[in-house]
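K.L.:
Okay, handing you the structure first.
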Amino acid sequence: MLLAQLLDRTGTGVWSASSVLYFTFVIGLDAGRIGLLLGAAAVAGIAGSPLAGHLAGRFPVRSLLIGCHLLRLGTLGALLVVTRFDVLLALVAVTYLGDRAAKALEMLFATRVAGERRGTYQALSRSTANAGYAVGAGIAAAGLAVGTPAAYQALILGNALSFAAAAALVRRTREQRAEGRVAAGAGGAASGGGAATGDAVSGDSAPGDVVPGDAVPGRARVPSPWRDRGYLRFVLLDIPMNLDDSVLAVGLPLWLVAHTDAPHTLVPAFLVINTVLVVVLQLRVSARFEKPRQAAAAVSVYGLTMLACCTLLALTTGAGTVAATVALLTAAVLVTVAELLRSVSSWELAVSLAPGEARASYLGVAGMAQSVQKSAGPLLLTGVVMTAGPAGWLALGTGIAALSVLQRRSAIRRLDSALAAPGPGPGPAPAAPSPSAAQTG
């Protein structure tokens, strides 16, 4: 599975580095249409995670993941022969939807296969992904240096073929028994429906929240994340906990160019710093925050780290070339540390706060946080934060820090309510769980 992710992310790295230029020089789109194309695709991608979670409760994750790879193989292959804008819009939107769905399915697969060591698996996964992005960017750089239409098309074709290879590798993996898959005639399984793995927890005790063990006798009742206010609160608060992605990709480069005296050649260094630190430090950070309460504590550290990063960016305005360069490079380090913390906290809490028997659908909803941030984050930075100048960065950092404290308290309260609730909770799984009980291997 990790090798499949490496191939997937290598292809994605190629696409990220070459797609805009492909649409510009090969297809002939102007900047406005490219913006509309990518904006619509990002919005479509939001639906990918919950759709994947919904389907994963009914079908094997492995089969769905293979389907996502083959879907993107088809849409990218079609891009090579399509020039009409309306068709391009649909193809790119479906590609992004499949991309977000595949990431959610990989996350779910890991929770089932890795079990209690999912934090280590997530660290390996992120290191693998970053290595893939770096390799893909290098391949794209070689193709872009050639600069011919055939070179651009070869890059897109290479990306498509990476999905075919990933699908073949996923097909060779073995999937554990699913959590919460709905089987026909499962009426007698309700009594065991609340059994979960050791990391599954029940809902918040607030009125209206779903409690996993409240199945009605005589029929299986699987909790819905859309009716679980405690979990939806976690997902909503997790959106600003993903803003490090937009700060790195959009905020740092644009702020450097428009508001500082730092050299423009510094921009590639941000990506290099990010890639190297993630590959080197992800396992260490994950080992330190691998338990649910540790992950909740990491949220607060994330907020403080982002506050420090935003404060540094605010101070670069009016600073000299050397001071601005040092501050921007330090900000790149801080935002990468924030990314390391976020990857651990969001992953662990999304799993730990979800009831085991409905984990697939819950993780699908949790995946929306990152998708929404990818759509709204760049607009927030360019339209609000940077427009307000240094005060905008200070306000953003303060807001993230405050919301991180709220997120931590909310997660701890939900974990505590699970321990206090009667019935199944954190701890060893029953010796003989019912067919509907969650198993993570």
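The values are calculated or read from the model by the stated rules, or taken from the named source; none is laboratory data. What you see is a predicted model, and the numbers here were worked out from it, not measured in a lab. FYI the Cβ positions are ideal-geometry reconstructions off the backbone, even for glycines, and counts take in every protein chain you see. Keep in mind that these areas ignore ligands, DNA and RNA; they rest on the heavy atoms of the full protein, side chains included. Shrake-Rupley method; radii C 1.70, N 1.55, O 1.52, S 1.80 Å.
K.L.:
Does ARG342 fit the bill of being open to solvent by 20 Å² or more (accessible area, probe 1.4 Å) and modelled with pLDDT of 85 or more? Don't jump to the end; show me each part of the working.
P.N.:
On the way: open to solvent by 20 Å² or more (accessible area, probe 1.4 Å): no; modelled with pLDDT of 85 or more: yes.
Answer is no for this residue.
K.L.:
In region 38-60, which residues are within 29 Å of ALA142 (Cβ to Cβ), in contact with a Phe, Trp or Tyr (Cβ under 7 Å, 6 or more places away or on another chain) and among the aliphatic types (A, V, I, L, M)?
P.N.:
ALA41, ALA42
K.L.:
Examine region 184-204 for a residue that is open to solvent by 60 Å² or more (accessible area, probe 1.4 Å), modelled with pLDDT under 80, within 23 Å of the chain's Cα centre (by Cα) and within 26 Å of ALA350 (Cα to Cα), and state whether such a residue exists.
P.N.:
Taking region 184-204 as the starting set, the residues that turn out to be open to solvent by 60 Å² or more (accessible area, probe 1.4 Å) are 184-185, 188, 191.
Now restrict to residues that are modelled with pLDDT under 80: 184-185, 188, 191.
Applying the additional criterion that residues be within 23 Å of the chain's Cα centre (by Cα) yields none.
Checked against the condition, which is being open to solvent by 60 Å² or more (accessible area, probe 1.4 Å), modelled with pLDDT under 80, within 23 Å of the chain's Cα centre (by Cα) and within 26 Å of ALA350 (Cα to Cα), region 184-204 yields no hits at all.
K.L.:
A further question follows. Of everything in region 37-57, what is open to solvent by less than 40 Å² (accessible area, probe 1.4 Å), part of a helix (DSSP H, G or I) and within 30 Å of VAL351 (Cβ to Cβ)? Give them in sequence order. Steps first, answer last, please.
P.N.:
Filtering region 37-57 down to residues open to solvent by less than 40 Å² (accessible area, probe 1.4 Å) leaves 37, 39-42, 44-46, 48-50, 52-53, 56-57.
Next, only the ones that are part of a helix (DSSP H, G or I) stay: 37, 39-42, 44-46, 48-50, 52-53, 56.
Residues satisfying the conditions are ALA41, ALA42, ALA44, GLY45, ILE46, GLY48, SER49, PRO50, ALA52, GLY53, ALA56.
K.L.:
I want to confirm something. Restricting to region 350-375 and keeping residues that are more than 18 Å from LEU51 (Cβ to Cβ) and not in a helix (DSSP H, G or I), which single residue is modelled with the highest pLDDT?
P.N.:
The residue in question is LEU353.
K.L.:
Follow-up question, since we're still on this one. Being open to solvent by 60 Å² or more (accessible area, probe 1.4 Å) and closer than 20 Å to THR305 by Cα is the filter here, so list the residues in region 381-401 that pass it.
P.N.:
ALA391, LEU394, ALA395, THR398
Residues checked against (1) modelled with pLDDT under 85; (2) surrounded by 24 or more Cβ atoms within 10 Å (Cβ to Cβ); (3) of a type in the set (Ser, Thr, Tyr); (4) in contact with a helix residue (DSSP H, G or I) (Cβ under 6 Å, 6 or more places away or on another chain):
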| position | (1), (2), (3), (4) |
| --- | --- |
| SER18 | yes, yes, yes, yes |
| LEU21 | yes, no, no, no |
| GLY35 | yes, no, no, no |
| VAL87 | no, no, no, no |
| ALA90 | no, no, no, no |
| THR95 | no, yes, yes, yes |
| ARG100 | no, yes, no, yes |
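K.L.:
Against the condition modelled with pLDDT under 80 and open to solvent by less than 70 Å² (accessible area, probe 1.4 Å), how does GLY218 come out, does it pass?
P.N.:
Details: modelled with pLDDT under 80: yes; open to solvent by less than 70 Å² (accessible area, probe 1.4 Å): yes.
So GLY218 fits the description; yes.
K.L.:
Cβ contacts < 6 Å: first residue more than 18 Å from GLY383 (Cβ to Cβ) and among the hydroxyl-bearing types (Ser, Thr, Tyr), restricted to region 245-268; second residue assigned to a helix (DSSP H, G or I) and at pLDDT 85 or above, any location; separation 6+ or different chain. Result?
P.N.:
Listed pairs, sorted by first residue: THR260/ALA324.
K.L.:
Considering each residue of region 312-349, count those that are touching a Pro at 6+ places or on another chain (Cβ under 8 Å) and among the β-branched types (Val, Ile, Thr), and give that number.
P.N.:
Residues that pass the stated criteria total 3.
K.L.:
Considering only residues that are in a helix (DSSP H, G or I) and either open to solvent by 30 Å² or more (accessible area, probe 1.4 Å) or under 18 Å from ALA168 (Cβ atoms) (or both), which ones fall in region 76-85? Can you show your working first?
P.N.:
Going through region 76-85, the residues in a helix (DSSP H, G or I) turn out to be 76-79, 85.
Of everything in region 76-85, those that are in a helix (DSSP H, G or I) and either open to solvent by 30 Å² or more (accessible area, probe 1.4 Å) or under 18 Å from ALA168 (Cβ atoms) (or both) turn out to be LEU76, GLY77, PHE85.
Residue-by-condition table, conditions (1) modelled with pLDDT under 85; (2) under 27 Å from SER346 (Cα atoms); (3) not polar (S, T, N, Q):
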site: SER224; (1), (2), (3): yes, yes, no
site: ARG227; (1), (2), (3): no, yes, yes
site: GLY230; (1), (2), (3): no, yes, yes
site: ASP238; (1), (2), (3): no, yes, yes
site: ASN242; (1), (2), (3): no, yes, no
site: ASP245; (1), (2), (3): no, yes, yes
site: ALA262; (1), (2), (3): no, no, yes
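K.L.:
Under the condition of being β-branched (Val, Ile, Thr) and over 20 Å from the mean Cα position of the chain (by Cα), which residue from region 244-271 is farthest from ALA137 (Cα to Cα)?
P.N.:
The selected residue is THR260.
K.L.:
Quickly run through region 131-143 and pick out the residues that are crowded, with 16+ Cβ neighbours inside 10 Å and within 19 Å of SER19 (Cβ to Cβ). Give the derivation first.
P.N.:
Let us first name the residues in region 131-143 that are crowded, with 16+ Cβ neighbours inside 10 Å, namely 131-137, 139-140, 143.
The answer is GLY132, TYR133, ALA134, VAL135, GLY136, ALA137, ILE139, ALA140, GLY143.
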